[in-house]
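Remarks on the structure that follows.
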Amino acid sequence: MKPTVKPQSPNFSSGPCAKRPGYSLANLPTDILGRSHRSTLGKSRLTKAIVDTKRILGIPADYHVGIVPASDTGAFEMAMWNMLGARPIDIFSWESFGEGWATDIVKQLKLPEVRHIQAPYGELPDLAQWNPKHDIVFTWNGTTSGVKVPNGDWIPADREGLTLCDATSAVFAMDMPWDKLDVVTYSWQKVLGGEGAHGMLVLSPRAVARLQSYKPAWPLPKIFRMVKGGELMAEIFEGSTINTPSMIANEDYLDALAWADSIGGLPELIRRSNANLAAFEQFVAKTPWIHFLAKDAACRSNTSVCFSLDATPEQVKKIVKLLDAEGVAYDIGSYKDAPPGLRFWCGATVCTADIEAVLPWLEWAYAEVTKA
Ligand SMILES: Cc1ncc(COP(=O)(O)O)c(C=O)c1O
């Protein structure tokens with residue numbers, strides 16, 4: 001039987017992710033629009049984004065947080081191009097975004113001392129293979145396979161190498177062990193449902209020490225430069241961005257942060273993401289034709305939840321199309337490089353009631369598409 005109740009929001013895309021419940025563009029302040037980002041007002045709005053981010057995420061006071069160009073990719077590239085090459089590098093990858101960083105390190109930066117440890121979609125490589133004398137590059141949550149790092153216990157406090165972590169699908173949804181992470185990046189368009197534009201770059205004191213003591217052998221374009229005369233350009237981490245940011249995107253991010261505060265901060269964001277995953281877990285437990293791509297429950301993402309189906313790739317495509325046409329679930333096809341299947345974003349801006357409402361539709365669509 002075709003269900004009758006639709007989710008309030010059909011937005012299950014893994015980026016840009018769903019806006020927060022109750023979001024309205026009309027609620028954003030507009031006094032900063034058409035003004036300089038370097039005016040007192042502009043600077044104060046950018047600084048607020050940094051200060052509130054640090055507070056809500058519980059980032060240590062001695063860490064630097066900056067707003068940088070080009071979303072998460074920009075932030076992570078900036079880190080790699082500034083810091084890598086000082087030590088051998090261990091890259092761990094298990095889906096396409098991690099693969100992308102490996103490509104840059106090997107083919108673009110052409111760094112010689114690199115070990116690349118991979119795992120197929122659905123699995124996590126053996127992180128214990130990391131040599132803590134080496135730098136490590138990894139993704140906390142593999143958005144295209146739905147496999148996350150379960151914790152930071154494997155990272156020694158007395159490591160010599162730096163830990164460079166792309167955490168764009170993880171921050172605001174998972175507990176991040178900040179003391180174990182030297183470089184963390186994410187974008188506004190992810191867990192809080194912000195706009196694509198800027199990346200956040202989080203640096204530990206050890207990462208800053210690397211920047212101040214190591215000069216890469218290659219040239220750095222202006223939008224990557226964060227060191228001048230051997231000193232960190234501290235102003236970048238106080239709201240003086242390298243170049244012009246989108247002030248409307250910043251207002252949108254501030255709105256998302258205020259919402260996070262209003263519901264109870266990080267613990268509530270994590271609780272909501274976990275509740276959303278739990279709704280899927282109950283469904284998968286009683287439904288024989290759908291399976292989590294992530295084999296180990298401890299490594300199962302609570303943001304980008306990926307499924308394989310007992311169906312042909314063509315049937316999967318039809319299910320995606322059918323649910324889109326019904327207006328009940330948008331953008332739920334697996335990522336282009338991932339195995340055929342479904343991917344539902346279930347970070348905190350997605351309501352558990354909407355996941356519960358979409359499940360009968362999923363059953364209906366599967367039956368429609370697979371019936372003889
Ligand atoms: C793990 C991961 N890294 C990097 C990116 C690229 O992010 P952006 O498009 O914000 O640069 C994404 C986007 O989905 C991602 O999920």
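The values are calculated or read from the model by the stated rules, or taken from the named source; none is laboratory data. This is a predicted model, so every value here is computed, not measured. All Cβ positions, even for glycine, are placed from backbone atoms using ideal geometry, and neighbour counts span all protein chains on display. Just the protein is used for accessible areas: all its heavy atoms, side chains included, with ligands, DNA and RNA removed. Shrake-Rupley method; radii C 1.70, N 1.55, O 1.52, S 1.80 Å.
Computed quantities for the displayed model
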item: Residues of region 75-99 satisfying the condition of being touching a Phe, Trp or Tyr at 6+ places or on another chain (Cβ under 9 Å), part of a helix (DSSP H, G or I) and surrounded by fewer than 19 Cβ atoms within 10 Å (Cβ to Cβ); result: S96
item: Residue list for region 1-18, restricted to those being open to solvent by less than 60 Å² (accessible area, probe 1.4 Å) and either within 16 Å of the ligand (Cβ to nearest atom) or under 28 Å from the mean Cα position of the chain (by Cα) (or both); result: P7, S9, P10, F12, S13, S14, G15, C17, A18
item: Test result for S213, within 16 Å of the ligand (Cβ to nearest atom), more than 23 Å from F12 (Cα to Cα) and among the polar types (S, T, N, Q); result: no
item: Subset of region 172-197 [closer than 20 Å to C299 by Cβ and in contact with a helix residue (DSSP H, G or I) (Cβ under 8 Å, 6 or more places away or on another chain)]; result: F172, A173, M174, D175, M176, V184, Y186, K190, V191
item: Counted residues, region 51-74 - those being in contact (Cβ under 8 Å) with a residue 60 or more places away in the chain and not in a strand (DSSP E or B); result: 14
item: Options R38, R45, R55; residue that is farther than 30 Å from V320 by Cβ, of a type outside the set (F, W, Y) and open to solvent by less than 60 Å² (accessible area, probe 1.4 Å); result: R45
item: Tabulated pairs, region 231-246, first part of a strand (DSSP E or B), second of a type in the set (V, I, T), C-beta under 8 angstrom, 6+ apart or interchain; result: L232/V208
item: Hits in region 181-216 - residues which are more than 13 Å from the chain's Cα centre (by Cα) and either of a type in the set (F, W, Y) or not assigned by TED's automatic domain parsing to the domain that holds C165 (or both); result: Y214
item: Every residue from region 147-171 that is in contact with a helix residue (DSSP H, G or I) (Cβ under 9 Å, 6 or more places away or on another chain), assigned to a loop (DSSP other than H, G, I, E, B), away from the ligand (no atom under 11 Å from the Cβ) and not β-branched (V, I, T); result: P150, N151, G152, D153, W154, P156, A157, R159, L162
item: Close pairs from region 288-300: first within 16 Å of C346 (Cα to Cα), partner open to solvent by less than 30 Å² (accessible area, probe 1.4 Å) and at pLDDT below 95, Cβ under 8 Å, at least 6 apart; result: L293/A338
item: Qualifying residues in region 157-187 (those that are touching a residue at least 60 places away in the same chain (Cβ under 8 Å) and more than 22 Å from E95 (Cα to Cα)) - the one least open to solvent (accessible area, probe 1.4 Å); result: G161
item: Residue in region 113-122 that is under 25 Å from N274 (Cα atoms), assigned to a loop (DSSP other than H, G, I, E, B), open to solvent by 30 Å² or more (accessible area, probe 1.4 Å) and more than 15 Å from the ligand (Cβ to nearest atom) present; result: yes
item: So A353, is it surrounded by fewer than 16 Cβ atoms within 10 Å (Cβ to Cβ), small (G, A, S), in contact (Cβ under 8 Å) with a residue 60 or more places away in the chain and farther than 17 Å from V147 by Cα; result: yes
